[in-house]
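Below you will find the structure I want to go over with you.
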Amino acid sequence: MVSKTEEAEVNRLESQADNGGGGEWEYLSLVRKLKLRRPDKVLKHGLTILNDPKKRSSLGHDEWTLYEQVAIAAMDCHCLDVAQDCIKVLQKKFPESKRVGRLEAMLLEAKGSWAEAEKAYLSLLEDNPLDQVILKRRVALTKAQGDISGAIQRLSEYLEVFMADHEAWRELAEIYVSLQMYKQAAFCYEELILSQPMIPLYHLAYADVLYTLGGLENLQTAKKYYASTIDLTGGKNNRALFGVCLCTFAVAQLTKGRYKEDKESPELQSLAAAALEKDYKLRAPSKLSLLGSTLRSLKLSS
Amino acid sequence: MAVGFAVGVLGVLILSHAAYSTIQYRTLLKITEEEFSGPPINVVFELLLGLVLCMWAALAVPGKFQSIQLDSDENRVVSLPSNLDFMIFNHRGKAFPLECTLKSK
């Protein structure tokens, strides 16, 4: 999970490394620790270190981790020659290694030879049928071929065994959202909120899915989850603030005339609108009139 | 950090001096054959001062406190890690080849 301070630190190190101020290794370590996907920068700075024998040997054992990181980044950038070179070095150092075998299979994937990659993964699975990373790679392989329903099937099989893997739940949720299967996606997000209740982004995504599903009950629940996102972020998430406003408007549209005021928190939406106005005034004064007209159309300000 | 450490050492010295003074006071009481009812007032002051200094050093020296609030900058999650275990390579990056002039070795 990337917190606000960590994000600022990454950006500082990135601009420092980009401008030749050193700190490449710190940047690469942080990218690895936070699991960010910035292949072009990793490739550039990683190769600067790897091509300099003095810098490379000063890393000690971390050298091999860096080779792996650069190899994956190179595949992501489609610089397959670089990836091939890195893997060759690792192969020489660690023959018989499963981790290098996985890299080779990933290289096959990057080349687009799906059948060979599948064969490589299967042979790796023979030794250890419950290797989580390889099982996940096979899901990704199916997805890469465009067979989304096959990927869903493999992923659900995987989740039956490894139910605590929240990254897999998140992947499944995102696949379902991409297929507009919101009910299933909502279930996945419920699992994610259960396993990591303190992460506001899951609350936000769950609320988004519920709002998209529509219906009075879902809208009311969505509003609650937007409110909990606001609670967890201290009101610094504009999407959640907008969500509260939209949910209020949608609920009011649905219940027009039927219910009298039965609101639990009548000030919530006006407070959210006020917080939005304050933030826009501070950070984007030119867009303030746009926000005003949006809020007026939602009947939240006059 | 260094200031905090010095204050801590000073606090411990004051505390040991208080202990020494109390022992002296008790031997004095034994000579005059009086009952020990409590330490003298200057020793009590010394004890309190030593306590405050040691407490301050113990809070300052070990390092910074971590924030407990959910919405502080250290704890507020602003983005999820990219799901690297499920990364796929046939994305539109293929259409924008990086200058592959970068070569290893």
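Just name the residue that is surrounded by the fewest Cβ atoms within 10 Å (Cβ to Cβ) out of those in segment A:23-61 that are more than 11 Å from chain B (Cβ to nearest Cβ) and not in a helix (DSSP H, G or I).
Per the stated criteria, the residue is A:HIS61.
Could I ask something else about it? Would you check if there is a residue in segment B:19-34 being in contact with a Gly (Cβ under 9 Å, 6 or more places away or on another chain) and surrounded by 14 or more Cβ atoms within 10 Å (Cβ to Cβ)?
No, because not a single residue in segment B:19-34 is in contact with a Gly (Cβ under 9 Å, 6 or more places away or on another chain) and surrounded by 14 or more Cβ atoms within 10 Å (Cβ to Cβ).
Please state which of the following conditions A:ALA164 fails to meet, knowing it meets all the rest: (1) within 12 Å of chain B (Cβ to nearest Cβ); (2) touching a helix residue (DSSP H, G or I) at 6+ places or on another chain (Cβ under 8 Å); (3) within 26 Å of A:LEU135 (Cα to Cα); (4) assigned to a loop (DSSP other than H, G, I, E, B).
Failed condition: (1).
Right, here's the next one. What is the residue count in segment B:39-94 for residues that are within 14 Å of chain A (Cβ to nearest Cβ), more than 21 Å from the chain's Cα centre (by Cα) and polar (S, T, N, Q)?
Adding up the residues that qualify gives 4.
Considering (1) surrounded by 14 or more Cβ atoms within 10 Å (Cβ to Cβ); (2) of a type outside the set (Ser, Thr, Tyr); (3) within 14 Å of another protein chain (Cβ to nearest Cβ); (4) outside any loop (DSSP other than H, G, I, E, B), say which one B:LEU98 fails and leave the rest.
Looking at each condition in turn, B:LEU98 falls short on (4).
Among the residues of segment A:91-116, which ones are farther than 21 Å from A:ALA74 by Cβ and part of a helix (DSSP H, G or I)?
A:ALA115 - this is the single residue of segment A:91-116 that is farther than 21 Å from A:ALA74 by Cβ and part of a helix (DSSP H, G or I).
Okay, residues lined up against (1) within 14 Å of chain B (Cβ to nearest Cβ); (2) within 30 Å of A:ALA164 (Cα to Cα); (3) over 21 Å from the mean Cα position of the chain (by Cα):
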residue: A:LEU192; (1), (2), (3): yes, yes, no
residue: A:MET198; (1), (2), (3): yes, yes, no
residue: A:GLY214; (1), (2), (3): no, yes, yes
residue: A:THR221; (1), (2), (3): no, yes, yes
residue: A:SER228; (1), (2), (3): yes, yes, no
residue: A:ARG239; (1), (2), (3): yes, yes, no
residue: A:ALA275; (1), (2), (3): yes, no, yes
residue: A:PRO285; (1), (2), (3): no, no, yes
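Something else: Are any residues in segment A:117-161 outside any helix (DSSP H, G or I) and not acidic (Asp, Glu), and if so, which ones? So that I can check it myself, show each step before the final result.
At the first step, the residues of segment A:117-161 found to be outside any helix (DSSP H, G or I) are A:128-131, A:145-147.
Those that are outside any helix (DSSP H, G or I) and not acidic (Asp, Glu): A:ASN128, A:PRO129, A:LEU130, A:GLN145, A:GLY146.
Given (1) within 14 Å of chain B (Cβ to nearest Cβ); (2) charged (D, E, K, R); (3) farther than 17 Å from B:MET87 by Cα, where does A:GLU171 come up short, assuming only one miss?
(3)
Tell me the residue from A:LEU50, A:LEU80, A:LEU28 that is touching a residue at least 40 places away in the same chain (Cβ under 8 Å) and closer than 27 Å to B:ASN83 by Cβ, please.
Of A:LEU50, A:LEU80, A:LEU28, the one residue that is touching a residue at least 40 places away in the same chain (Cβ under 8 Å) and closer than 27 Å to B:ASN83 by Cβ is A:LEU28.
Of the residues that make up segment B:62-70, is at least one touching a helix residue (DSSP H, G or I) at 6+ places or on another chain (Cβ under 7 Å) and more than 30 Å from B:TYR25 (Cβ to Cβ)?
Within segment B:62-70 (the criterion being touching a helix residue (DSSP H, G or I) at 6+ places or on another chain (Cβ under 7 Å) and more than 30 Å from B:TYR25 (Cβ to Cβ)), the answer is yes, since at least one residue qualifies.
Throughout, read-outs are computed from the coordinates displayed, never taken from laboratory work. Just so it is clear, the model here is predicted, and its values are computed rather than measured. Glycine also receives a Cβ, built like all others from the backbone with ideal geometry; neighbour counts cover every protein chain displayed.
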